[in-house]
Amino acid sequence: MRESGEMYLETILVLSKEKATVRSIDVADYRNFSKPSVSRAVNRLKEDGYLNMSPEGFLTLTKKGLEIANTIYERHIVLTKILCDLGVDEKIATEDACKIEHCISTETFDALKKYVAAHTS
């Protein structure tokens, strides 16, 4: 899965926590992406089995899509917190976490989580 696909899945997850239903237009608005770009990505993610779209246009993550979205979202939250704890401005920490979350290895991320757990009260 490419970074862009992970971002779409994470966005759908985040929006689904805020709204009862999520449509492609919501994703486009949230990410400030063009509607055609979102449409192409949604179709690709549907074809690959990561999400479903109802006849009304509501997007839901499949089990496979939800697993990836949850992984990326957890990385985003943890990395943002670590960077903020290190003194990085929250806006910059959020932007940097968004970049790092897609390329960090599972081993490194797990080590960071373990370190944070051992050094926080």
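Since every read-out is calculated from the coordinates, none of them should be taken as a lab result. This is a predicted model, so every value here is computed, not measured. Every residue, glycine as well, gets a Cβ built from its backbone with ideal geometry; the counts of neighbours run over all protein chains shown.
What the table below lists for this structure:
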{"quantity": "Cα-only Debye scattering, the stretch 3-67: base-10 log of I(q)/I(0) at q = 0.21, 0.22, 0.26 Å⁻¹", "calculated": "-0.76, -0.85, -1.25"}
{"quantity": "Max mean-square fluctuation residue, GNM over the chain, Cα-Cα springs under 10 Å, options 39, 24, 54", "calculated": "54"}
{"quantity": "Per-residue HN-Hα couplings for the stretch 63-69 [Karplus 6.51, -1.76, 1.60; θ = phi - 60°; Hz; x = Gly/Pro]", "calculated": "4, 4, x, 5, 4, 5, 4"}
{"quantity": "³J(HN,Hα) computed for each position of the stretch 90-105 - Karplus, 6.51 cos²θ - 1.76 cosθ + 1.60, integer Hz, glycine/proline x", "calculated": "4, 5, 5, 4, 5, 5, 5, 4, 4, 7, 5, 4, 8, 10, 6, 6"}
{"quantity": "FRET E, pair residue 99, residue 119, Förster distance 41 Å, beta-carbon r, rounded to 0.05", "calculated": "0.95"}
{"quantity": "Dipole-positive endmost among 66, 27, 42 within the chain (Cβ charges, Cα centre)", "calculated": "42"}
{"quantity": "At most 12 other Cβ within 10 Å, DSSP loop - trypsin sites (Lys or Arg not before Pro), the stretch 1-65", "calculated": "2, 19"}
{"quantity": "Three principal axis lengths of the stretch 74-118 [C-alpha, angstrom, descending]", "calculated": "26, 23, 13"}
{"quantity": "Derived scalar couplings ³J(HN,Hα) [the stretch 42-51; Karplus, 6.51 cos²θ - 1.76 cosθ + 1.60; whole Hz; x for Gly, Pro]", "calculated": "4, 4, 5, 5, 5, 4, 8, x, 9, 8"}
{"quantity": "Estimated 222 nm signal from helices in the chain, with DSSP H stretches of n ≥ 4 weighted -39500 (n - 2.57), rounded to 500", "calculated": "-22500 deg cm²/dmol"}
{"quantity": "Amide H partners (placed H, <5 Å) of residue 23, local residues excluded", "calculated": "59"}
{"quantity": "For the chain, Kirkwood radius (reciprocal of mean inverse C-alpha pair distance, Å)", "calculated": "15.2 Å"}
{"quantity": "Net charge over other residues, Cβ less than 13 angstrom from the Cβ of residue 89 (K, R count +1; D, E count -1)", "calculated": "-3"}
{"quantity": "Cα gyration tensor shape of the stretch 43-105, rounded if a/c is under 1.5, else prolate or oblate by comparing a/b with b/c", "calculated": "prolate"}
